[in-house]
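Structure first, then comments.
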Amino acid sequence: MRIALRAAALTVAAATLAPVASASAQVVASGTIPDTPAETAPAASASADARTVFPASVPQGAMVIGKVPPGSVVRYGGRQLRVTPYGSVVFGVGRDATGPLSVEVQAPGGAPQRAAIAVTPRDFPTEYIQGVPPKTVNPPPEIAARIEREQAQVTAARARDDERPDFAQPFQWPVQGRISGRFGNQRVYNGKKGSGHSGMDIAAPTGTPVKAPAAGVITFAAPDLYLTGGTVLLDHGHGISSNFLHLSRIDAKVGDRIAQGQVIGAVGATGRATGPHLHWGMNWFDVRIDPLLVLERAKTAP
């Protein structure tokens, strides 16, 4: 059964949310969708448990949080999504995604539902970057092989799928500074076209403490990757992770449980960098998402 979406006054990842209504699911739509662990969740009415809410539209690069009846089976992008005890689900929308996106929901004892979500295109300008070390732009074969090995390790760390709902808390800036590079912008290094920028660059002096934007677990930490230098991955659960690149110092190790605001390293200019800055990237598994859009959610969280 295909379910129509209606606009509602909810915001997640800078997107307008809309309830997915059906004869078997009553919609209760008010405020930002929260995520509360089962043991601390307030008593919920049967109608609240039965609501199914997804965005009517999302921008490219968004982290999308939706609400389904607890115990539902939810599928998107070829994956079965984890559902928190409170009924929240999360997924990412890539830089080049086009709509409509399809989310399938099978609530306990209910009829199958399908939400079609429109994708709002964004304009990604071209950034020209000069003075990059030539070996990082056109690496010789032995260096290219090293880069491939290192990136495979990072990719493997992003495959983690923990049930922790750390992704649901409002994110904070890891450092304060000028945005010197934006997510998605086309990069040209020393005149050679590269790929779209995978995160957000924040200019700050070398040694500036980098703080966890949300709680999580360290899944990767290496001080000297060829392209990204000092590199840390922080997993926020359900496939959502943050990566922090070009660090001059790393203050955490793999397996550490990190609280929001805890220092995990320091700004640097290691790897392919022309000056000190923090590259903060975010992923949903292998889908890159825009940290700036994730920060926007903090403005509407209760």
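The values are calculated or read from the model by the stated rules, or taken from the named source; none is laboratory data. What you are looking at is a predicted structure, and each value in this text was computed from that prediction instead of being measured. Virtual Cβ from ideal backbone geometry, glycine too; neighbours counted across all protein chains shown.
Descriptive notes on the structure:
- Condition met for G66 (touching a Ser or Thr at 6+ places or on another chain (Cβ under 9 Å) and either assigned to a helix (DSSP H, G or I) or at pLDDT below 95 (or both)): no
- Residue match in the stretch 263-284 (condition: part of a loop (DSSP other than H, G, I, E, B), in contact with a Lys or Arg (Cβ under 6 Å, 6 or more places away or on another chain) and in contact (Cβ under 8 Å) with a residue 24 or more places away in the chain): no
- Which listed residue is of a type in the set (K, R), without any contact (Cβ under 8 Å) to a residue 60 or more places away in the chain and assigned by TED's automatic domain parsing to the domain that holds K211, from R257, R288: R257
- Checked against the criterion of being crowded, with 17+ Cβ neighbours inside 10 Å, part of a loop (DSSP other than H, G, I, E, B) and either touching an Asp or Glu at 6+ places or on another chain (Cβ under 7 Å) or not β-branched (V, I, T) (or both), the stretch 151-159 contains not a single residue that satisfies it.
- Between P213, P205, the distinction of being in a loop (DSSP other than H, G, I, E, B), assigned by TED's automatic domain parsing to the domain that holds I143 and out of contact with any strand residue (DSSP E or B) (no Cβ under 9 Å at 6 or more places or on another chain) belongs to P205 only.
- Residue among F171, F91 that alone is within 21 Å of N243 (Cα to Cα), in a strand (DSSP E or B) and modelled with pLDDT of 90 or more: F91
- Of the residues contained in the stretch 234-247, none is found to be surrounded by fewer than 20 Cβ atoms within 10 Å (Cβ to Cβ) and part of a loop (DSSP other than H, G, I, E, B).
- Qualifying residue in the stretch 148-156 (condition: among the hydroxyl-bearing types (S, T, Y) and in the same structural domain as G230 (by TED's automatic domain parsing)): yes
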